[in-house]
Amino acid sequence: MIAEAGHYALVLALALALIQSTVPMIGARLRDPVLMNVARSTALAQLLFVGLSFGALVLLHVISDFSVANVYENSHSLKPLIYKITGVWGNHEGSMLLWVSILALFGGLVALFGNNLPLSLRANALGVQGWVSTAFYLFILLTSNPFLRLVNPPLEGRDLNPVLQDPGLAIHPPMLYLGYVGFSISFSFAIAALIEGRIDAAWARWVRPWTLMAWMFLTLGIAMGSYWAYYELGWGGWWFWDPVENASLMPWLAGTALLHSAVVMEKRNALKVWTVLLAILTFSLSLLGTFLVRSGVLTSVHAFATDPTRGVFILLILCVFIGGSLSLYAWRASSLKQGGLFAPISREGALVLNNLLLTTACATVFIGTLYPLGLEVLTGERISVGAPFFNLTFAPLFVPLLLALPFGPLLAWKRGDIAGAAQRLYAAGIVALVSIAVLWAWVRGGSAFAPLAIGLAVFVIIGALTDIAERSMLFRMPLSIALRRARGLPRASWGTMFAHVGVGVALIGIVCETTWNTELISTLKPGDVAKVAGYELKLDDISQRQGPNFGEMLAHFTVSEGGKMIGVMTPSKRSFSTRAMSTTEAALMSRGVSQLYISLGDTAASGAIAVRIYHKPMVLLIWFGPLLMAFGGLLSLSDRRLRVGAPKPAKASRSLQPAE
Amino acid sequence: MSLWFLLALMTVGAIFAVLWPLSRRTDVKREGRESAVYQDQLAEIDRDIANGLIGETEGAAARVEISRRLLAAADAEEGSTVSSRLRLRRAVAMVALIGVPVLAGALYLHLGSPALPDFPLTSRARAPVPGQSLDQLVAQVQTHLEKNPTDGRGWSVLAPVLGRLGRFDDAAQAFRNAIRYDGDNAARRAGLGEALAGAANGVVTAEAKAEFERAVALDADEPKARYFLGVAAEQDGRPKEAAALWQDMLSKAPPDAPWRPVLEAALARVGAAVPAPSDSASAKIPALSNDTIASVQGMSEGDRGAMIRGMVDRLAARLKQNGDDVEGWLRLARAYMVLKEPDNARAARDDARRALAANEDGLRKLNEGLKALGIDG
Amino acid sequence: MTRKQRRLTMIGGALVVLGIAIALVLNALRDSIVFFSTPQMVAEKHIPAGKRFRLGGLVEPGSLVRGDHMAVTFKIADGSNALSVAYKGILPDLFREGQGVVAEGALDSSGVFKADTVLAKHDETYMPKDVADALKKQGHWKDDYEKAGKKPDGDAKPMQGASR
């Protein structure tokens, strides 16, 4: 009954989505408020039913009902409970259901908290949201239905894949999806604006919190996926320019650009046409990302479903949504009025430069990811575009972006004073130059670019701090006043600072890790000592242990620095008896923000064991950076300005009347 | 609460979600407006000026700009009209009342299986399903072994079964575990080798050969290992060596050894003479085991066909005379499936059902086996 | 500055950035693309020593030899040809004889493929797409691989790699 009820709830959600995608839009066209309001209740009911459906699937996985094909294929009664639950989205069908559930969640949130939106904009946006939902419900029900049943239920499920039982893998996809799907809201708003033929500064303010939320989740999702790859795959890499990773990076780049251009639009009513285009592109890239991963069309180190009917359906959805929205854009964009003017050197100009560089970087990733696919279709020749391509194109585009970054917030709107901004950045520039000089003198080895890159990162960080210091008049006013002023600054300013500092922090981590990473691969016998980056690692012994469903070989290392013992590390290798499979469990030891990393290889006949030992300086900064960025996003999101006119508009607007 | 009641309840909920807003009046004045945003922006400018974040002149310019937007927005809001389309609303209500249940019901009945009961793990553990297929039994044993990976006896029981099911990789692992936890012996080593060879599509790999050699070291007369060592020699291009080995085996073999025909066929394949049997070996029909079929997979296409054909014909003939042998029928059907002759397999199935009509137990077993072969129709 | 001049400045700036980006992409595409080959393609086309490419196929059973200091050699075969591969380092967990791998590196002067990266498939049900396509083309496609692609596997990173 659970399975059937869940299945039916999904069908009902489709029916509601169909109503949601037509009735409110007709209502908006005819200006009938009652019809427009249908959008709200259907969006909420849709959320309820798809939530029921997803809950049912989770429950089926938890109670191991193998009469459901999806549970039989992707679960096993012996899995720990947590992995039974996370296994729900570890497979194609379940992950698509999660995808629409999140879509419905965002729709429901707009319905609930969209009181500050004009009725017709909300109706149209939810209507567009309904189209997207409809397409996905059909896709799920017709090609990837998780509720299909088996007449003769088997006794045991098929999947107990040990590699997939990992907490990082469990949270990473929902995070990514929250990001991908969150951009559907800005997409819906953009399409709604195009349909209404009217777009204003207010639009940007309404869209910004949703974009910000999606961007935060995507940032966290990408960082988490990267950390998972780092510790789980056992060879210490954290970014592979793999198509699947690129698929999540592209919407992030476009979304970051969107976030910045929406600011210009909100403040200055400019860049309207461009912002709408970015909103469409960001969600299109999200769709592409979802499907590149799901359809397995890419030559990737990822294995995924390949199924012709699914593939065709996917292509159809992509064509309809991306093609359709871009056509609508081409048709209607000219009817949007141009807005405010600004000089090339101004806050707007800086943000335009930011947009230009981010979207260009996004385009190069796009080319690198899809070029092999296109070439194979056209010529049959197979190539792979690897990390060197991206390093050669992506990095040079990011350098000017980062150089310009500290200037942006210091420039005034409309017409900025670059000399003044530069003057205020003197301190930052000097600190950056000093750190370059110190690094050059101090550090041996590695690329000559590394100190320069770190200097750039320092410039970005100090520059971001300078902005806050300037605004609070630190050093120019007594400390107590400056502190009070700092508290009084809009949270969005603080958010900007944290996000920009996060960029610099991540850059330091990336540069240090890639430049001064020490690696030692060797075979050790118990008693042997390996020396890496000033640490001595002594292999004490190798022992065997029996886990719940695996045998484990543990290597015990004592780590000492300068003769003093600082800890033990126990990397291991697990072999799963029932399925002739083994996994490597790397051992990590953090020293500040640097890490030691050991992973095991094969044992030789002599009893020696192959090990890989890495010393990764500053590696943790790579993930602290995105955490800071997401925290900055959270601060901005909490800024009161983004909640203007929320629940009680009548009262609020009166009190906000300017005293003139 | 029956399923249908629940589904009906959900349908009512969905319809209600559409009807509810249709039945209510909407106060447009209370909805969000653009002007609210601009008013807030003006207030923000004032705050910024008060805090000294922007200068007075800049603030004044910004205020003018925002005020212009505010005026435009207010004008647009004034000009917006509201209409009420009662007929359209009624039409929407009808669509909700009729369209939602019809669409949802039709699609669900097409896709869903409302007749199937739930089958959660807990209820399954209490009531074992009668007539479990071999696959399910294997799954149960595997479950047991996941929990008790050191149960060597369990592994040694499971291993050959897995091999017979064609799950060679699993079988090899099971044999290894059996050897680790339940002791080493020639039969297990030979079984491991066979599973490895099976996994390599019948090719006796170096790894498999090593296992056979170990088996022979443990028991010089282990027939399976010796046979496969012959196959290895043959695959390495030394048919003479293979033939000598097999001839030696045959000459020592007891007359009723089930593997005799396999060896004879193998010898025929390499073109060597078959030593005269000490007794009429064909008196007893050999088992056409899966092992044999698996081992035959390494041969060339023609040889393999001829060999299997001969054995299958013999089996068919015997079953025609004495039909009361479920295993025999299944073997025959399986052999036909392997030979890609589903029509013959189906004919054998019908013959078998006829021959076993009086034997209820046998018939059940037969049907199960046929199901596993996918010809239970 | 007039409105027109402003617009021209912006457009000019955008064109400069785009031009630089295109130059970067073209330059990178020329230098950093790696072609995929199977042993048969290597045998047919003459690939100069030192040119990097990816080699895909099945690890020939029985060909794996472990030497000193973690040096390993094995053969990658595609049914018609086989090519010796030398690698130094730790092989991925999932590396097994008889299974699909992709190695990246270059031929040395004696015709041995010196790999610096070895990628192995995740489990029995997956084979690198490159390898599967190549084998399919040559008619060495076996049913077990066919099933392979059909198993959805979540957002895992089922390939494992090792590189020096």
Restricting to the stretch A:7-40, name every residue that is facing chain B (nearest Cβ under 8 Å), free of Cβ contacts under 8 Å to residues at least 24 places away in the same chain and not aliphatic (A, V, I, L, M).
A:TYR8, A:ASP32
A:ILE345 vs (1) touching a helix residue (DSSP H, G or I) at 6+ places or on another chain (Cβ under 6 Å); (2) within 14 Å of chain C (Cβ to nearest Cβ); (3) assigned to a helix (DSSP H, G or I): all pass except (3)
For helices (runs of 4 or more DSSP H) lying entirely in the stretch A:392-443, having 2 or more residues that are more than 14 Å from chain C (Cβ to nearest Cβ) and more than 30 Å from the chain's Cα centre (by Cα) picks out A:418-424, A:426-442
Selected residue [of a type outside the set (Gly, Ala, Ser) and out of contact with any Leu (no Cβ under 8 Å at 6 or more places or on another chain)] from A:LEU138, A:LEU98
A:LEU98
For the list (1) crowded, with 21+ Cβ neighbours inside 10 Å; (2) at pLDDT 90 or above, I need the number of the one condition that A:SER144 fails.
(2)
Hand me the list of helices (runs of 4 or more DSSP H) wholly inside the stretch B:193-298 holding 3 or more residues that are at pLDDT 75 or above.
B:206-218, B:223-235, B:239-252, B:260-270
If you check A:ALA453 against the conditions, is it in a helix (DSSP H, G or I) and within 25 Å of the chain's Cα centre (by Cα)?
yes
Inspect the stretch B:112-135 for any residue being modelled with pLDDT of 80 or more, over 20 Å from the mean Cα position of the chain (by Cα) and more than 7 Å from chain A (Cβ to nearest Cβ) and give the result as yes or no.
yes
Looking for whichever is within 14 Å of chain C (Cβ to nearest Cβ) and β-branched (Val, Ile, Thr) here; the options are A:ILE102, A:ILE140, A:ILE82, A:ILE63. Which one fits?
A:ILE140
Quick test for you: out of B:ARG47, B:ARG85, pick the one residue that is surrounded by fewer than 21 Cβ atoms within 10 Å (Cβ to Cβ) and facing chain A (nearest Cβ under 7 Å).
B:ARG85
Exclusive hit being touching a Leu at 6+ places or on another chain (Cβ under 6 Å) and either within 13 Å of chain A (Cβ to nearest Cβ) or not aliphatic (A, V, I, L, M) (or both), set C:ALA103, C:ALA77, C:ALA71
C:ALA103
Looking at the stretch A:64-82, which of its residues are surrounded by fewer than 21 Cβ atoms within 10 Å (Cβ to Cβ) and assigned to a helix (DSSP H, G or I)?
A:ALA69, A:GLU73, A:LEU81, A:ILE82
Answer yes or no: is there a residue in the stretch A:364-384 that is crowded, with 16+ Cβ neighbours inside 10 Å, touching a residue at least 24 places away in the same chain (Cβ under 8 Å), within 14 Å of another protein chain (Cβ to nearest Cβ) and not in a helix (DSSP H, G or I).
yes
Of the conditions (1) within 7 Å of chain A (Cβ to nearest Cβ); (2) assigned to a helix (DSSP H, G or I), B:GLN41 clears all except one; give me its number.
(1)
Going through the stretch C:1-26 in order, the residues found to be closer than 23 Å to A:GLU376 by Cβ and either of a type in the set (Lys, Arg) or more than 7 Å from every other protein chain (Cβ to nearest Cβ) (or both) are C:ILE22, C:LEU26
Note on the stretch A:231-249: residues assigned to a helix (DSSP H, G or I) and in contact with a Leu (Cβ under 9 Å, 6 or more places away or on another chain) are A:TYR231, A:GLU232, A:PRO243, A:VAL244, A:ASN246, A:ALA247, A:SER248
Among the listed residues A:LEU97, A:LEU109, which satisfies the condition of being hydrophobic (A, V, I, L, M, F, W, C) and either surrounded by fewer than 24 Cβ atoms within 10 Å (Cβ to Cβ) or not in a helix (DSSP H, G or I) (or both)?
A:LEU109
Subset of the stretch C:38-75, residues touching a helix residue (DSSP H, G or I) at 6+ places or on another chain (Cβ under 6 Å) and within 25 Å of A:LEU233 (Cβ to Cβ), comes to C:GLY56, C:GLY57
Tell me, yes or no, whether the stretch B:68-88 has at least one residue that is touching a residue at least 60 places away in the same chain (Cβ under 8 Å), under 30 Å from A:VAL11 (Cβ atoms) and part of a helix (DSSP H, G or I).
no
Being closer than 13 Å to A:GLY87 by Cα, more than 8 Å from chain B (Cβ to nearest Cβ) and not in a helix (DSSP H, G or I) is the filter; apply it to the stretch A:149-170 and report the residue that is modelled with the highest pLDDT.
A:GLY157
For C:ALA103, which of the numbered conditions (1) surrounded by fewer than 21 Cβ atoms within 10 Å (Cβ to Cβ); (2) at pLDDT 80 or above fails to hold?
(1)
Could you tell me whether A:TRP228 is surrounded by fewer than 24 Cβ atoms within 10 Å (Cβ to Cβ) and in a helix (DSSP H, G or I)?
yes
Out of (1) farther than 27 Å from A:LEU253 by Cα; (2) more than 14 Å from chain C (Cβ to nearest Cβ), the odd one out for A:PRO146 is which?
(2)
Residues in the stretch A:208-225: is at least one under 18 Å from A:VAL365 (Cβ atoms), in a helix (DSSP H, G or I), within 11 Å of another protein chain (Cβ to nearest Cβ) and modelled with pLDDT of 85 or more?
yes
Filter result (surrounded by fewer than 24 Cβ atoms within 10 Å (Cβ to Cβ) and within 29 Å of the chain's Cα centre (by Cα)) within the stretch A:34-46
A:LEU44
Going by what's in this entry, would A:GLU513 be described as closer than 26 Å to A:GLY420 by Cβ and acidic (Asp, Glu)?
no
Can you name every residue in the stretch B:322-336 that is part of a loop (DSSP other than H, G, I, E, B) and either touching a residue at least 12 places away in the same chain (Cβ under 8 Å) or not assigned by TED's automatic domain parsing to the domain that holds B:GLY362 (or both)?
B:GLY323, B:ASP324
How many residues does the stretch B:54-66 contain that are at the interface with chain A (Cβ under 9 Å from one of its Cβ atoms) and either part of a helix (DSSP H, G or I) or buried (at least 21 other Cβ atoms within 10 Å of the Cβ) (or both)?
6
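The values are calculated or read from the model by the stated rules, or taken from the named source; none is laboratory data. This is a predicted model, so every value here is computed, not measured. Quick reminder, even Gly has a Cβ in these numbers, built from the backbone with ideal geometry, and neighbours come from all protein chains shown.
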